[in-house]
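Asks: Let me give you the structure first, and then I'll get to my questions.
The values are calculated or read from the model by the stated rules, or taken from the named source; none is laboratory data. These numbers were taken from a predicted model, which means no experiment stands behind them. Quick reminder, even Gly has a Cβ in these numbers, built from the backbone with ideal geometry, and neighbours come from all protein chains shown.
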Amino acid sequence: MIAKAKLRYLGTSPQKVRLVVDQIRGQGVEDALALLRFSPKAVARDLERLLKSAVANAEQRPEKVDVDLLRVARAAVDPGPTQKRVRFRAMGRAFRIHKRSCHVTLELDLARRPRPVAAPAAKAARRRAAGAPRARRAAGPVRKGKR
């Protein structure tokens, strides 16, 4: 983790915030900022400010960090306290209104280079060399249709 930023007591329900946070998790900082800038969700503005704060935190570190190499390594949305309100209804009834809030945490890290993926034949050869048993097919005919 290179930098971290927290937004606490955001006055939006965690469910609504997770819709946007799931889109930026694992993205590069530039891509995430572009996605948040053009997102139609209202919470995207708050998340954009939070991401810019995390980038500023990364720039303030004693060792120099190239901001272009940063990515959103971890993004968590936790529920905050719920404010309970009353809405008065007909015939003397009252309904509860839950005004939910949440805490958002973003952690930035350097982008990792993807490992080269070995070909399936090479993987199987390595497995056989290590002494692992071969995968076997299930016994019996394959049934089609209803049972």
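Asks: Please indicate, with yes or no, whether at least one residue in region 94-103 is among the small types (Gly, Ala, Ser) and closer than 21 Å to residue 1 by Cβ. Lay out the reasoning, then the answer.
Replies: We begin by selecting, within region 94-103, every residue among the small types (Gly, Ala, Ser); these are 94, 101.
Restricting the remaining residues to those that are closer than 21 Å to residue 1 by Cβ gives none.
There is no residue in region 94-103 that is among the small types (Gly, Ala, Ser) and closer than 21 Å to residue 1 by Cβ.
Asks: Still on this structure, please answer the following. Within region 25-41, is even one residue basic (Lys, Arg) and more than 18 Å from residue 2 (Cα to Cα)?
Replies: First, pick out the residues of region 25-41 that are basic (Lys, Arg): 25, 37, 41.
Narrowing further to those that are more than 18 Å from residue 2 (Cα to Cα): 37, 41.
Among the residues of region 25-41, at least one is basic (Lys, Arg) and more than 18 Å from residue 2 (Cα to Cα), which makes the answer yes.
Asks: I would also like to ask the following. Tell me the residue from 127, 137, 113 that is at pLDDT below 95 and closer than 28 Å to residue 53 by Cβ, please. Please lay out each step first, then the result.
Replies: Numbers: 127 fails: closer than 28 Å to residue 53 by Cβ; 137 fails: closer than 28 Å to residue 53 by Cβ.
When all the criteria are applied, what remains is 113.
Asks: Would you call residue 17 part of a helix (DSSP H, G or I) and in contact (Cβ under 8 Å) with a residue 60 or more places away in the chain?
Replies: On the way: part of a helix (DSSP H, G or I): yes; in contact (Cβ under 8 Å) with a residue 60 or more places away in the chain: yes.
So residue 17 passes the test.
Asks: Which residue out of 67, 104, 86, 43 is in contact (Cβ under 8 Å) with a residue 40 or more places away in the chain and either under 15 Å from residue 19 (Cα atoms) or of a type in the set (A, V, I, L, M, F, W, C) (or both)?
Replies: Details: 67 fails: in contact (Cβ under 8 Å) with a residue 40 or more places away in the chain; 86 fails: in contact (Cβ under 8 Å) with a residue 40 or more places away in the chain; 43 fails: in contact (Cβ under 8 Å) with a residue 40 or more places away in the chain.
From the options 67, 104, 86, 43, the qualifying one is 104.
Asks: Looking for whichever is buried (at least 17 other Cβ atoms within 10 Å of the Cβ), under 14 Å from residue 107 (Cα atoms) and touching a strand residue (DSSP E or B) at 6+ places or on another chain (Cβ under 9 Å) here; the options are 47, 69. Which one fits? Quick ask: steps written out before the conclusion?
Replies: Details: 69 fails: buried (at least 17 other Cβ atoms within 10 Å of the Cβ).
Answer to the selection: 47.
Asks: Hey, residue 33 hits all of (1) of a type outside the set (Gly, Ala, Ser); (2) in a strand (DSSP E or B); (3) closer than 24 Å to residue 110 by Cα but one; which does it fall short on?
Replies: (2)
Asks: Got at least one residue in region 78-86 being under 23 Å from residue 10 (Cα atoms) and either in a helix (DSSP H, G or I) or modelled with pLDDT under 95 (or both)?
Replies: From region 78-86, those under 23 Å from residue 10 (Cα atoms) are 78-86; that's our starting set.
Pick out the ones that are also either in a helix (DSSP H, G or I) or modelled with pLDDT under 95 (or both) and you get none.
No; the residues of region 78-86 include none that is under 23 Å from residue 10 (Cα atoms) and either in a helix (DSSP H, G or I) or modelled with pLDDT under 95 (or both).
Table: residues versus (1) of a type in the set (A, V, I, L, M, F, W, C); (2) within 22 Å of residue 83 (Cβ to Cβ).
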| site | (1), (2) |
| --- | --- |
| 3 | yes, no |
| 11 | no, yes |
| 16 | no, yes |
| 19 | yes, yes |
| 24 | yes, no |
| 43 | yes, yes |
| 49 | no, no |
| 53 | no, no |
| 64 | no, no |
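Asks: Can I ask one more? Identify, by number, the condition in (1) of a type in the set (Lys, Arg); (2) over 16 Å from the mean Cα position of the chain (by Cα); (3) closer than 24 Å to residue 100 by Cβ that residue 16 doesn't meet.
Replies: (2)
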